[in-house]
Amino acid sequence: MGKKIKKEAEPPPKDVFDPLSIESKKAATAVLMLQSPEEEILIKSCEALYKFAQKGDENKVTLLGLGAMESIAKLISHEDKVVRRNATMVCGVMAANNDVRKLLRKLDIIPSLIARLAPEEEIVIHEFATLCLSYMANEYTSKDQIFELNCLESIIRLFSSNDPDVKKNAVECIYLLVQDFQNRSAVCDLNAIPPLLELLKSEYPIIQLLALKTLSTLSCEEEARIIMQEKQALDHLLKILEAKELNDLHVEALLVIANCLDDVETVQALQQSGGLKRILTFAESSPLPDIQKNAAKAMAKAARNDEIRRFFHEQEAETSLVKMLANENDGVKAAALLAISVMCENMASKEILNRNGISQIVALLNRENDGVKEAAAFALANLTTAYPNNARAVAEADGVNALINLLSDKKEDPVTNACTVLINMATQEPLRSIIQTHGVMHALVEPLRSANNMVLSKATLTVAAFACDGDSRTEFRNAGGLEPLVKLLSSNHDEVRRNACWALAVCANDELTAVELCKLGALDILQDLNLSTSRGNHFSELAYDKLLDNNLSLKYSQKGCLSYNNLINDGFYDHGRIKPEAKLLSLEELCKQPLNQNRAIIIVNSRCPELASAVSPTPDEEKRESSSDLSQSSRSLSASKEKGRATTSSPVEEKPVSAGRSPSLSRGGSKDKPPSRGRVKGKKEEEKPREEGEVKVPEPVVMKQEWSPPYDEELSNYIMEASKTILPLTSVKERVVALAQFVAEKMGGPIDKDRLHEFNWELHMSDLKIQTQSNVIQIGKIKKGTFYHRALLFKVIADRIGIGCCLIRGDYGRAWNEVRLLDAAHQEGTRMSPPTTYIVDLMFHPGSLLKDNSAEADRYKYI
């Protein structure tokens with residue numbers, strides 16, 4: 001046999017590239033390799049980039065700069081499943097960077113990621129696709145895109161995945177998505193709540209926590225709460241609360257329960273099952289401050305419903321809340337106080353807290369923590385509203401000082417709530433007196449300068465509540481509170497302006513305060529308010545009337561009526577009717593005007609200058625006189641007002657203070673008055689050493705005498721005569737009749753109604769103006785007076801001798817007086833009905849009393 005010859009190997013084809021093993025140490029090379037068409041190279045490159053990106057955020061930024069994401073975004077949809085898996089892993093890790101997410105949104109990566117959630121894909125792809133989606137779901141635009149692509153169902157389906165990482169990423173993604181309200185309804189419609197409840201049983205705390213957070217957000221929707229009630233979700237949550245080993249989940253579980261408590265049916269079911277009591281007990285005894293705080297917040301939120309609040313009351317929730325006040329944590333205290341504030345909308349709760357709780361709440365007003373102080377003041381405001389017993393309890397717990405100190409707090413809410421408590425306490429006179437002694441009026445000045453409208457509204461109401469006596473008004477005036485109060489009349493906030501008017505109306509009950517208010521321009525501001533159809537209110541009208549009660553000349557000119565309480569004093573003048581927007585000149589300005597053809601101004605001034613200078617005024621009178629000198633302003637106030645006291649002595653004995661007289665004149669008298677004996681003696685004693693050359697007395701300083709209104713001697717005589725002749729009469733009716741006849745006699749006697757046109761009173765008034773060379777005529781000089789002259793004189797004398805009457809101005813020169821008299825039945829005491837109002841006839845049959853609204857009275861007033 002022949003020898004075998006070995007067959008030689010065939011050479012490789014010339015058109016085939018020989019395999020090449022490449023080892024790269026640069027990330028840029030791996031990024032370039034992503035462009036390769038070979039699966040093996042793509043797999044290895046993506047794997048290398050995944051490991052590189054995992055090492056830190058700087059590496060992610062580097063890969064982003066190398067342009068890796070454009071290629072990775074394409075590769076997650078590659079045909080080869082290994083390439084898809086590795087590219088998805090890179091994408092999931094890289095999405096942690098914010099700049100990467102911005103680029104992925106531009107590359108429209110979300111549809112590709114959703115496609116990777118298909119059931120046939122590997123679990124690893126599910127894990128990193130959901131991880132990338134959870135990162136992307138942090139931005140609103142991505143949430144909106146996921147919702148529009150109907151991708152929620154694909155994510156929710158992964159709740160049942162066998163891989164815990166997939167579950168965790170899927171739940172986190174849903175939690176972020178349901179922060180947008182439109183996704184909440186969609187998630188509920190997709191029946192996501194049952195699988196979320198199943199995740200509460202997971203052995204991984206992070207999954208349980210994310211499931212609870214998701215349920216907490218979903219339970220804000222009524223639809224979700226209904227589903228949770230049907231699925232008995234609260235039973236799962238209560239088991240979590242009772243499991244001490246799950247204390248890291250208690251806070252979130254309690255938040256879910258808190259949202260469920262918004263439904264009356266849920267609370268009722270909890271009460272019947274004992275769950276509500278378990279929740280309260282847990283909240284009261286929990287050692288974790290966050291638990292107690294969230295429990296109190298949950299109660300505060302749920303108790304806004306009347307029926308739920310009743311359920312809480314039946315479970316003695318107030319006791320649990322009071323126990324929470326003893327916690328050292330300020331957050332727990334504030335939350336418990338907030339819940340108490342809501343619970344005390346129930347009167348029964350207020351009664352319980354009156355016995356146990358108010359003293360602790362009052363003590364918290366002195367805490368340094370602002371939140372606790374604010375919550376305590378808010379709780380007391382609600383506790384004392386419409387419940388006087390609690391207001392007394394606050395005072396007994398020494399809360400007055402703390403409340404007044406809160407008025408100077410820098411925050412608005414504590415000041416507002418402190419004002420509310422003080423207002424509630426002021427409804428009881430003993431408490432009001434106690435608070436007034438602690439300087440509340442002085443403390444209220446600062447809140448009146450606040451920029452917050454709610455503070456201003458409450459502060460002005462507090463002023464109105466406490467300025468109800470003379471001492472408080474004086475304290476407020478001396479503290480400088482009137483100026484900011486007047487400024488608030490011009491506020492653009494309706495409530496502030498209305499309350500300021502009310503406070504001013506209360507302050508104006510004091511004459512000196514009213515004078516100061518007028519000096520500050522309150523009268524003009526109120527007049528403008530009342531002329532406005534949008535800014536005026538009933539309180540502005542009331543305040544204006546109160547100020548006019550201390551300026552009767554202006555009141556009679558504008559309103560045409562002086563009531564029984566408006567007592568005319570010296571310095572009053574009748575200018576005639578003026579328009580509401582017109583300014584009334586002062587008496588001094590009117591006296592200094594040149595003679596004109598207008599109707600005469602009638603002045604009342606019965607005080608003798610000599611008598612005024614002979615009497616040394618008391619400090620009170622000096623202050624009254626100096627404060628009532630308003631001749632520099634556009635309006636002049638009337639003289640000192642007698643506070644409803646009937647005068648029974650003669651004017652000389654009373655020595656009334658004249659508001660029209662200047663302070664210097666009332667102290668020093670007129671120049672012509674001879675010095676008193678004491679002053680002469682003093683002068684001689686001063687001259688003696690000067691004669692001996694020992695002491696040189698300086699020349700006396702001559703004080704410039706200020707203007708004073710003209711003295712009406714006739715009127716003074718009228719008042720004195722009326723006091724002697726009319727006062728001794730026994731009945732009021734006899735006095736009225738006698739005074740009417742007296743006035744008619746002094747002003748021309750009775751007038752025949754048919755010959756009224758022949759009563760030339762106009763000519764008489766013109767003669768008086770020419771004789772005095774003045775437009776201002778003393779009422780005592782008028783000897784032929786018509787309706788409005790006689791009615792004015794009747795009112796002036798009646799006020800001096802204690803007869804109550806009104807003065808009313810009519811049209812066409814008419815004016816009349818109204819008096820109230822008891823008829824025979826009243827005198828005999830046989831019936832209880834109001835006195836009868838009569839019009840006093842001063843013209844035709846002086847002394848006749850015409851029943852008001854009768855035909856005779858109408859003829860007297862209008863015909």
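Quick notes on this structure:
- Region 767-811 and region 211-252 have Cα centres lying 86 Å from one another.
- List Thr281, Thr786, ordered by accessible area with a 1.4 Å probe, largest first: Thr281, Thr786
- Cβ-based net charge around Asp370, under 9 Å, with every Lys or Arg adding one and every Asp or Glu removing one: +1
- Gain on full extension, evaluated as 0.36 nm per residue between Thr141 and Gln35 minus their Cα-Cα distance, stands at 35.1 nm.
- Near Glu139, no amide H atom lies under 5 Å from its own; only residues 5 or more places off or on other chains count, and H is placed 1.01 Å from N.
- Summarised as an ellipsoid, region 398-461 has semi-axes of 19, 11, 10 Å, derived from the eigenvalues of the Cα gyration tensor scaled by 5 and square-rooted, with the largest first.
- Where Leu587, Leu103 fall by accessible area, highest first, once all protein chains stay in place (1.4 Å): Leu103, Leu587
- Residues whose amide H lies under 5 Å from that of Cys561, counting only those 5 or more places away or on a different chain, are Arg809; hydrogens are built 1.01 Å from N in the peptide plane.
- Other residues whose C-beta falls under 13 angstrom from the C-beta of Val178 contribute a net charge of -2, scoring Lys and Arg +1 and Asp and Glu -1.
- Rounded, prolate or oblate (a/c below 1.5 giving rounded, otherwise prolate when a/b exceeds b/c) for region 719-818 by Cα gyration tensor: prolate
- Measuring r between the beta carbons of Leu149 and Leu190 and using R0 = 22 Å, the FRET efficiency lands at 0.95.
- With the largest listed first and rounded to whole Å, the semi-axes of the equivalent ellipsoid of region 313-418 from the Cα gyration tensor are 20, 16, 11.
- Taken as Cα centroids, region 338-364 and region 461-480 sit 30 Å apart, rounded to the nearest whole angstrom.
- The HN-Hα couplings worked out from phi for region 771-785 by the Karplus form 6.51 cos²θ - 1.76 cosθ + 1.60 (θ = phi - 60°) are 4, 8, 6, 8, 7, 9, 10, 5, 5, x, 7, 7, 9, 10, x Hz, whole numbers, x standing for Gly and Pro.
- Close amide-amide hydrogen proximity is noted between Asn775 and no other residue 5 or more places distant or on a separate chain, at a cut-off under 5 Å (H modeled in the peptide plane; Pro and chain starts excluded).
- For region 708-763 and region 308-325, distance of Cα centres in Å: 75 Å
- The portion of the accessible surface of region 181-336 made up by carbon and sulfur, rounded to a whole percent, is 48 (1.4 Å probe; DNA, RNA and ligands excluded).
- Using θ = phi - 60° and Karplus 6.51 cos²θ - 1.76 cosθ + 1.60, couplings along region 383-392 (whole Hz; Gly, Pro as x): 5, 8, 6, 6, 9, x, 4, 5, 4, 5
- Label-to-label distance for Asp235 and Ala479 is 6.2 nm, based on points extended 7 Å past Cα in the beta-carbon direction.
- Sequence ranges 528-539, 510-521, 398-409, ranked by mean other-Cβ count within 10 angstrom, highest first: 510-521, 398-409, 528-539
- Around Thr460: net Lys/Arg minus Asp/Glu count, Cβ-Cβ under 10 Å: +2
- The overall shape of region 68-182 is oblate: from the C-alpha gyration tensor, with semi-axes ordered a ≥ b ≥ c, the ratio a/c is 1.5 or greater and a/b is no larger than b/c.
- Pairs exceeding a 24 Å alpha-carbon distance, out of Lys244/Lys293; Lys559/Lys861; Lys201/Lys297: Lys201/Lys297.
- Derived scalar couplings ³J(HN,Hα) [region 579-590; Karplus, 6.51 cos²θ - 1.76 cosθ + 1.60; whole Hz; x for Gly, Pro]: 6, x, 8, 6, 9, 8, 5, 6, 4, 4, 5, 5
- Derived from the Cα gyration tensor, the three semi-axes of the equivalent ellipsoid of region 434-484 are 18, 11, 9 Å, largest first.
- Cα→Cβ-extended label distance, 7 Å offset, between Arg755 and Asp528, nm: 5.5 nm
- Rounded, prolate or oblate (a/c below 1.5 giving rounded, otherwise prolate when a/b exceeds b/c) for region 281-374 by Cα gyration tensor: oblate
- Order of exposure, largest accessible area first, which applies to Trp816, Trp761 with probe 1.4 Å: Trp761, Trp816
The values are calculated or read from the model by the stated rules, or taken from the named source; none is laboratory data. Owing to the predicted nature of the structure, the values given are computational and were not obtained by experimental measurement. FYI the Cβ positions are ideal-geometry reconstructions off the backbone, even for glycines, and counts take in every protein chain you see. Ligands, DNA and RNA are stripped out before the accessible areas are found, and what is left, the full protein with its side chains, is counted by its heavy atoms. Shrake-Rupley method; radii C 1.70, N 1.55, O 1.52, S 1.80 Å.
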